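No lab work stands behind these numbers, since they all come straight from the coordinates. Bear in mind the structure is a predicted one, so any value in this text is a computation, not a measurement. Cβ coordinates were reconstructed from backbone atoms using ideal geometry, including for glycine residues, and neighbour counts include every protein chain displayed.
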2 protein chains.
Amino acid sequence: MRILLAEDEKRMAAALVALLKQEKYDVDHMADGASALAALESGVYDMAVLDVMMPEMNGFEVARRARNKGIKTPILMLTAKSQLDDKVEGLDSGADDYLTKPFQTKELLARLRALGRRSASFQDGSLKYGDLSLDTSKATLTCISNGQSVRLGEKELRILEYMFGNKGQIMTREQLAVKIWGFENEAEYNNVEVYMSFTRKKLAFVGSKVEIKAVRGLGYELREKNV
Amino acid sequence: MRILLAEDEKRMAAALVALLKQEKYDVDHMADGASALAALESGVYDMAVLDVMMPEMNGFEVARRARNKGIKTPILMLTAKSQLDDKVEGLDSGADDYLTKPFQTKELLARLRALGRRSASFQDGSLKYGDLSLDTSKATLTCISNGQSVRLGEKELRILEYMFGNKGQIMTREQLAVKIWGFENEAEYNNVEVYMSFTRKKLAFVGSKVEIKAVRGLGYELREKNV
DNA sequence: TTCAATCTTTCATCAACCTTAAAGTGCTAT
DNA sequence: ATAGCACTTTAAGGTTGATGAAAGATTGAA
């Protein structure tokens, strides 16, 4: 479960990161609204905790813009004030829950569990492998560890879709040629190689640890580069 | 939007029913936990408001059992006590949100909107994307940043309505042809293209930053022009 | 070292996509 | 009725960029 934490106050941020990590969440921390929005848009987070008061862009605005772009990630808004109107604005800006500082960690964790339960059912058709997330409905490949993403062409998309769906297996040229191009004769296998080359470039571009390895005489395999 | 209200105290129940109906929700009221659970299991509700203290079975138990049976309906828990442990138990029992009595109706309504947002894509009859606002009841598209607006034809309206409702995704010609025209055969896909052209003109007319981008081999995508 | 397997780059082509114009359809006001 | 209007469909020609073929470079097994 991957959480985006947006909080500018250093002490608070450090404490929250520590707390969340201890609870086995993967946490990424952003210190201002603009970067938080950018990170959210990558679509790799299962939920987000946003502080309202932040430089660049406040939490409400981040939520509003993210929702406006179709990002459905559950958001928990965090604020110092406990005014009713703040709560209402928070929730109407697109947040799913609202918590007032100071709060007890027990309550924060309970609310996160509640949000997380829901996010499971809202995962769209995105496939994962290693540090990669492939969103077929957006034709986009993103690297979870750094948020970088690329647009894929139709062939590239179908290659990755096929390989993600057959993890650990070695795909032969023939399988790929038939599945993706509908080719029958060996003559056209070079196409597979060409597109493997294109696809590898995209993997490198997003900075993924995953690579497409050729297995001589057999075909191609998706695997994580050894450290 | 259909809400299940489970509350045993008559006066409170009556007030809530009145409030919710006024907000145009369809409300069904149950006075004890057992009937609330039975009602929830029917699966017809978009959300549920459960009082914790109820005869037969308390709210926590109703939530827990419903979740156990795979019911995913969003639940808002209502209670007189404000103990932290209560909140934690409430959320962990499967509730999505938790509100302590006494509460202000504004907050209750905001929280319900937050819960209901997932099932309904539009709140006030107008869909938004980027600097655009689409009023479906008036068949009007307006650009928020300059107030300029245009009248849309039925097809244009339905194209935008569909695309606004599936933000961030790439819509295929086929999806659009089937959804909007009821076409089955590829021959008529040119219609989609023609209407995309018309619709683009309207986007340009109102001076929006949003554009309809074709994604070769895949379909169309709504996005904001890069600065 | 050899050579077959695999990789990469390049580039003309053509399907995919765009636009415009004209004809068709159905509604409303006169 | 009929003209005018708004919207839709059909058709045809124009544009464009992903695609696949070709060719040369690189790799690794024997």
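A few points about this structure:
- Contact order relative to length of chain A, as percent, for alpha carbon pairs under 8 angstrom and 6 or more apart: 13 percent
- The slack in the chain from A:Ala34 to A:Asn226, taken as 0.36 nm per residue of separation less the alpha-carbon distance, amounts to 65.7 nm.
- Inter-probe distance in nm under a simple model that places probes 7 Å from Cα toward Cβ, at B:Phe205 and A:Gln104: 6.0 nm
- Under Karplus coefficients 6.51, -1.76 and 1.60, residue-wise ³J(HN,Hα) of the stretch B:192-198 in Hz, glycine/proline x: 4, 4, 4, 6, 5, 4, 4
- Above-threshold pairs, the threshold being 22 Å between Cα atoms, out of A:Lys87/A:Lys138; B:Lys128/B:Lys209; A:Lys167/A:Lys202; A:Lys24/B:Lys167; B:Lys179/B:Lys213: A:Lys87/A:Lys138; A:Lys24/B:Lys167
- Label-point distances for B:Lys21 to the equivalent site in the other copies, using a point 7 angstrom along Cα→C-beta, read 5.6 nm when ranked shortest first.
- Length-normalised contact order for the stretch B:2-116 - Cα pairs under 8 Å, 6+ apart - percent: 23 percent
- What the Cα atoms of the stretch B:126-224 give is an Rg and a Dmax of 12.8, 40 Å.
- Label geometry 7 Å along the beta-carbon vector: B:Lys106 inter-copy distances in nm: 3.1
- Computed over chain B, the per-residue total of -39500 (n - 2.57) for DSSP H runs of n ≥ 4 gives a 222 nm mean residue ellipticity of -11000 deg cm²/dmol, rounded to 500.
- For the stretch B:2-116: Kirkwood Rh in Å [reciprocal of mean 1/r, alpha carbons]: 13.7 Å
- Interatomic Cα distance distribution for the protein assembly as shown, bins of 10 angstrom, percent: 4, 18, 24, 25, 19, 8, 2, 0, 0
- Extension gain, B:Trp181 to B:Val44, is 46.3 nm, computed as 0.36 nm per intervening residue step minus the present C-alpha separation.
- For B:Met53, label point 7 Å along C-beta direction: distances to other copies, nm: 3.7
- Here the simple spin-label model places points 7 Å from the Cα toward Cβ, and for B:Asp135 and A:Tyr189 these points are separated by 6.3 nm.
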